[in-house]
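S.K.: The structure that follows is given in the form of structure tokens.
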Amino acid sequence: MEIETKQPQQAELDAERQQQARQYARIRRRLMLVSLVIAAISIAFVLGTGLDKWLRNQLHALSWQPVAGWFPVQILVYFLILILAYQLITSPLAYYSGFVLPHRFGLSTMTLRAWLVDLFKGLGLSLILEVCVIELIYALLALQPQTWWLEVGLIMLFFSVIMANLAPVLIFPLFYKFTPLPEGELTERLLALAQRAHTKVRGVFSMKMSDKTTAANAALMGLGNTRRIVIGDTMLDRYTTDEIEVVLAHELGHHVHADIWKLIISQAVLTLGGLYIANLVLHWLVETQHAYLALTDAATLPFFFLLTGVFSLIVMPIGNTYSRLIEYQADEYALQVTRNASAFKSAMTRLANQNLAELEPSPIFEFLFYDHPSIGKRLKHADEFMS
Ligand SMILES: [Zn+2]
């Protein structure tokens, strides 16, 4: 692969693409609302009709207990039935928002077959992880009914560090092909940037996104010996070298600021808080309200889902606000280290055009759902830097 400098001129915002971006965002907002309503109705139905206890009674035969109070097989089957039923109910919505809509807006380049393969790979992976977490929760609830939340939180923290380390070599290659960036001007510029930051980059990789999407992206991935900067081929082939350098500087900023660690730790704190609340509510429900047979009753699973859903809705704006701060700081780093605000602005403009990103989303929407500052804010940041 050869990297050429293309489109050396300053990118300009495409008014027509912005029109499309607003329309795309509006449809996605509605879809998000619809899926939230479906989730709320589903959980209300399960809890309101007593389906949660009925299903547990149906699975009575599976109450094998390796440890008193822990029913791993019953929990597993109960979870699989619920989650697969939910996936089935929401599959038309998943198909529309994941396949139909991005095609309609020219963002997806996937065939239906390839999309389905990715979908099932993703579902399979998350099922495995979720089953591990749920079995861990119920095993520790049986063994340590008072302190399970702390142990679960700490084990999950440990596991997320391992996963952050392994993901670039174990998980992401299941979805994307990575190739080391060839020697050349870009690689040299990046090494120079890293040298000035007194840090080492373990590697820069090109990620083959073009067979899935027309959108561009770049990221810092991994921890320790797997940490790397990754850049989409959809960016490499249509951004100028200056623009890519600014993007790489932004990613290097994440590394210099140890942002992956910050995100892991802040996530762990939130998770621990959520688990503690779950602990209090569960004890109250079982010991005071006698709503379930025991703390480890499989019928408490829908209640866990409800709690997880409500809790993530509440903490999402907190997590996103923190993420936007981290992204702002990485932008600031990129501007400081390259001193090239015009390339920064040009790259951001190209991103808005290419990814159908709204320049100025509604402030409330940005506050709730955006993990990066809006492109409009990032352009303003560069303007302020220049002045
Ligand atoms: Zn970033």
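S.K.: With equal scatterers on the alpha carbons only and no solvent term, can you work out the Debye log10 of I(q)/I(0) for segment 292-340 at 0.20, 0.22, 0.26, 0.33 1/Å?
M.R.: At q = 0.20, 0.22, 0.26, 0.33 Å⁻¹ the computed log10 ratios are -0.74, -0.79, -0.89, -1.05.
S.K.: How much length is gained if the chain between residue 151 and residue 133 is pulled fully straight, taking 0.36 nm per residue apart and subtracting their Cα-Cα distance, in nm to one decimal?
M.R.: Numbers: separation 18, 0.36 × 18 = 6.48 nm, distance 1.17 nm.
Length gained, residue 151 through residue 133: 5.3 nm.
S.K.: Right, here's the next one. Using Cα positions and a limit of under 12 Å, work out the aspartates and glutamates in reach of residue 53, with same-chain residues fewer than 8 apart set aside.
M.R.: 297
S.K.: Right, something else. Give me the base-10 log of I(q)/I(0) for the chain at each q in 0.13 Å⁻¹, Debye formula, one uniform scatterer per Cα, rounded to two decimals.
M.R.: Normalising to I(0) and taking log10 leaves -1.20.
S.K.: Sticking with this structure for a sec: Check the straight Cα-Cα distances from residue 121 and name the lysines below 23 Å, setting aside those fewer than 8 residues away within the same chain.
M.R.: Answer for residue 121, where 23 Å is the Cα cut-off: 177, 208, 212, listed by chain and number.
S.K.: Based on DSSP H runs of at least 4 residues, each adding -39500 (n - 2.57), what is the mean residue ellipticity at 222 nm of the chain after dividing by all its residues, to the nearest 500 deg cm²/dmol?
M.R.: Calculated at 222 nm, the ellipticity per residue is -22000 deg cm²/dmol.
S.K.: Can you work out the accessible area per residue across segment 188-261, with the rest of the protein chains kept in place, probe 1.4 Å, in square angstrom?
M.R.: Per-residue accessible area for segment 188-261 comes out at 38 Å².
S.K.: In terms of the Cα gyration tensor, with a ≥ b ≥ c the square roots of its eigenvalues, is segment 347-387 rounded because a/c is under 1.5, prolate because a/b exceeds b/c, or oblate?
M.R.: Oblate is the answer for segment 347-387, as a/c is 1.5 or above yet b/c matches or exceeds a/b.
S.K.: When the accessible area of the chain is split by element with a 1.4 Å probe, what percent falls to carbon and sulfur?
M.R.: Working: 13150 of 19950 Å².
Reported share for carbon and sulfur atoms: 66 percent.
S.K.: If you don't mind, there's one more thing I want to ask. What FRET efficiency do you get for residue 60 and residue 13 if R0 is 45 Å and r is their Cβ-Cβ distance, rounded to the nearest 0.05? Please list the in-between numbers first.
M.R.: On the way: r = 63 Å, r/R0 = 1.39.
In this case the efficiency is close to 0.10.
S.K.: Grab the beta carbon distance between residue 163 and residue 387, set R0 = 30 Å, and tell me the FRET efficiency rounded to 0.05.
M.R.: Efficiency, from the Cβ-Cβ distance: 0.10.
S.K.: What is the extension gain from residue 37 to residue 208, computed as 0.36 nm multiplied by their sequence separation minus the C-alpha to C-alpha distance, in nm to one decimal?
M.R.: 58.0 nm
S.K.: Over the alpha carbons of segment 246-387, what is the largest minus smallest coordinate on each principal axis, giving the biggest first in Å?
M.R.: 64, 30, 23
S.K.: Which shape class, rounded, prolate or oblate, goes with segment 38-196 when its Cα gyration tensor gives a ≥ b ≥ c as root eigenvalues, a/c under 1.5 marks rounded, and past that a/b bigger than b/c marks prolate?
M.R.: oblate
S.K.: With the Cα gyration tensor of segment 227-275 in hand, give its eigenvalues times 5 under a square root as the equivalent ellipsoid semi-axes, listed largest first in whole angstrom.
M.R.: Gyration-tensor ellipsoid for segment 227-275: 31, 12, 7 Å.
S.K.: Same structure, new question: Across 10 Å bins from 0, what is the distribution of all Cα-Cα pair distances for segment 195-285, in whole percents?
M.R.: In whole percents, the pair-distance histogram is 14, 34, 24, 14, 10, 3.
S.K.: If all Cα-Cα distances of segment 25-118 are sorted into 10 Å bins from 0 onward, what percent lands in each bin, rounded to whole numbers?
M.R.: 13, 32, 26, 19, 9, 1
S.K.: Ratio of segment 111-164's C-alpha Rg to 2.2 N^0.38 Å, to two decimals?
M.R.: 1.52
The values are calculated or read from the model by the stated rules, or taken from the named source; none is laboratory data. Just so you know, these numbers come straight off a predicted model, no measurement behind them. Cβ atoms come from the backbone with ideal geometry, glycine included; neighbour counts cover every protein chain shown. Keep in mind that these areas ignore ligands, DNA and RNA; they rest on the heavy atoms of the full protein, side chains included. Shrake-Rupley method; radii C 1.70, N 1.55, O 1.52, S 1.80 Å.
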